[in-house]
């Protein structure tokens with residue numbers, strides 16, 4: 001199959017440091033190539049891939065100090081995609097709704113994986129206007145605000161098996177991700193202080209969250225039991241997560257997925273996660289971690305982690321969250337979409353029985 005993958009340009013594919021969407025696009029692209037498909041990746045020029053790379057800009061935009069208008073580069077990329085659209089059996093977009101007007105006009109077979117939060121009121125009129133666009137969720141809970149959208153499948157993220165299980169001998173708690181209000185690293189610090197365990201924080205601070213970091217989080221880092229590591233590379237994650245006693249995921253928002261949970265799972269490290277967003281779909285309580293509803297439960301869960309099997313945690317990853325499973329699910333979706341018809345009314349006539357047989361719907 002000839003497949004186009006269209007990635008955001010904010011980070012390279014894969015990203016050098018933090019970047020969830022671009023990392024997933026990389027895992028999917030490489031796995032599809034390994035399966036024998038002819039894959040073209042539209043991404044930043046500093047991306048590294050076994051697929052054919054068509055760069056839309058020389059470097060990823062977040063780390064490019066000379067880039068002022070990031071959207072401009074995305075529209076250049078979309079024009080490149082449309083100019084080459086006839087080369088592909090299907091186009092897989094990862095850039096939210098940016099391509100919707102062009103895709104409606106052209107009618108080329110495509111799907112869009114929505115990687116972000118959908119509970120924003122501003123999105124309702126947009127998705128109603130483009131209600132026919134075939135979209136894919138990354139957890140079923142993500143769909144709730146737009147339950148009437150044209151959902152053609154649900155595909156959970158997966159990782160290649162590059163993170164090996166370790167024994168948690170570091171005896172510290174780990175936090176991995178971003179520092180922002182909804183990720184609640186302040187909760188992670190309070191949990192660690194409440195149980196008297198060291199906490200290591202490996203996280204990036206976006207420009208928009210700099211004030212929050214300086215005012216609300218930086219003062220908390222003065223505690224000698226709290227170590228701010230900063231952003232880490234993919235290579236460093238195995239040691240950081242694998243040596244941790246437990247991984248903390250204390251979110252306070254409808255997180256659509258949360259790669260850090262399955263990265264910890266791959267290392268055999270249980271996650272203590274607050275019951276929000278995708279958490280109950282990703283974490284199996286008592287196996288790959290513990291799901292809590294408040295700070296009191298979170299503090300109590302730290303002691304309970306010692307009763308969990310790190311081997312069973314790793315097995316949960318191998319069963320549910322590998323990159324090969326993710327790629328196979330997407331291939332089934334591609335095949336289903338290629339049996340559909342694009343009607344003159346601007347809607348897709350989809351064989352829903354085929355979808356129900358192939359991908360979690």
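Derivation of every value follows stated rules applied to the coordinates shown; laboratory data play no part. All of these numbers come straight from a predicted model, not from anything done at the bench. Using ideal geometry, Cβ is built from the backbone for each residue, glycine included, and neighbour counts are taken over all protein chains shown.
Taking the chain as the reference, fit the longest principal axis to its C-alpha atoms, fit the long axis of helix 20-34 to the helix C-alpha atoms, and give the angle between the two in degrees, 0 to 90, nearest 10.
60
Could you tell me which of rounded, prolate or oblate describes the stretch 1-129, using a ≥ b ≥ c as the square roots of the eigenvalues of the alpha-carbon gyration tensor, with rounded for a/c under 1.5 and, failing that, prolate when a/b is larger than b/c and oblate otherwise?
On the way: a/c = 1.44, a/b = 1.07, b/c = 1.35.
Rounded, since a/c falls under 1.5.
Taking the stretch 253-332 on its own, what percent of its Cα-Cα pair distances exceed 14 Å?
For the stretch 253-332, the fraction of Cα-Cα distances above 14 Å is 61 percent.
Among 339, 49, 322, which one shows the highest mean-square fluctuation when the chain is modelled as a Gaussian network with alpha-carbon springs under 10 Å?
The residue that fluctuates most here is 339.
Would you mind telling me which residue in 316, 281, 31 has the biggest mean-square fluctuation in a Gaussian network model of the chain, where springs connect alpha carbons within a distance under 10 angstrom?
Maximum fluctuation in the GNM of the chain, among the listed residues, is at 281.
In a Gaussian network model over the chain where Cα atoms closer than 10 Å are linked, find which of 259, 199, 221 has the largest mean-square fluctuation.
Looking only at 259, 199, 221, the largest GNM fluctuation is found for 221.
Along the Cα→Cβ direction, 7 angstrom out, place labels at residue 106 and residue 17. What is the inter-label distance in nm?
So the two model labels end up 3.4 nm from each other.
For a quick check: sort 284, 319, 112 by the number of other beta carbons within 10 angstrom, fewest at the front. Spell out each step's value before the answer.
Numbers: 284 16, 319 10, 112 24.
Lowest to highest Cβ neighbour count: 319, 284, 112.
Compute the Rg/Rh shape ratio of the chain: radius of gyration over Kirkwood radius, all on alpha-carbon atoms.
That ratio is 0.97, to two decimals.
Calculate the FRET efficiency for residue 128 and residue 182 from the Cβ-Cβ distance with a Förster distance of 25 Å, rounded to the nearest 0.05.
Values: r = 26 Å, r/R0 = 1.03.
My answer for the efficiency is 0.45.
Just round it to a whole percent: the fraction of Cα-Cα distances in the stretch 173-320 exceeding 20 Å.
Every Cα pair in the stretch 173-320 considered, those over 20 Å come to 42 percent.
Add -39500 (n - 2.57) for each DSSP H run of 4 or more in the chain, then divide by its residues: what number comes out at 222 nm, to the nearest 500 deg cm²/dmol? Walk me through the intermediate numbers first.
Details: 12 runs with 118 residues, N = 361.
That comes out to -9500 deg cm²/dmol.
Quick check on the stretch 177-242: take the gyration tensor over C-alpha atoms, sort the square-rooted eigenvalues as a ≥ b ≥ c, and tell me if it's rounded (a/c under 1.5), prolate or oblate.
Verdict is oblate for the stretch 177-242.
Rounded to the nearest 5, what is the percent of antiparallel bridges among the DSSP beta bridges in the chain?
Working: 2 of 43 bridges.
Around 5 percent of the beta bridges assigned by DSSP in the chain are antiparallel ones.
Multiply the residue separation of residue 339 and residue 86 by 0.36 nm, subtract the distance between their alpha-carbon atoms, and state the gained length in nm to one decimal. Mind dumping the intermediate values first?
Details: separation 253, 0.36 × 253 = 91.08 nm, distance 1.69 nm.
Here the answer is 89.4 nm.
Can you tell me how much longer the chain between residue 210 and residue 2 gets when fully stretched, taken as 0.36 nm per residue apart minus their C-alpha distance, in nm with one decimal?
The residue 210-residue 2 span can extend by a further 70.7 nm.
What distance in nm lies between label points placed 7 Å from Cα along the C-beta direction at residue 169 and residue 70?
4.1
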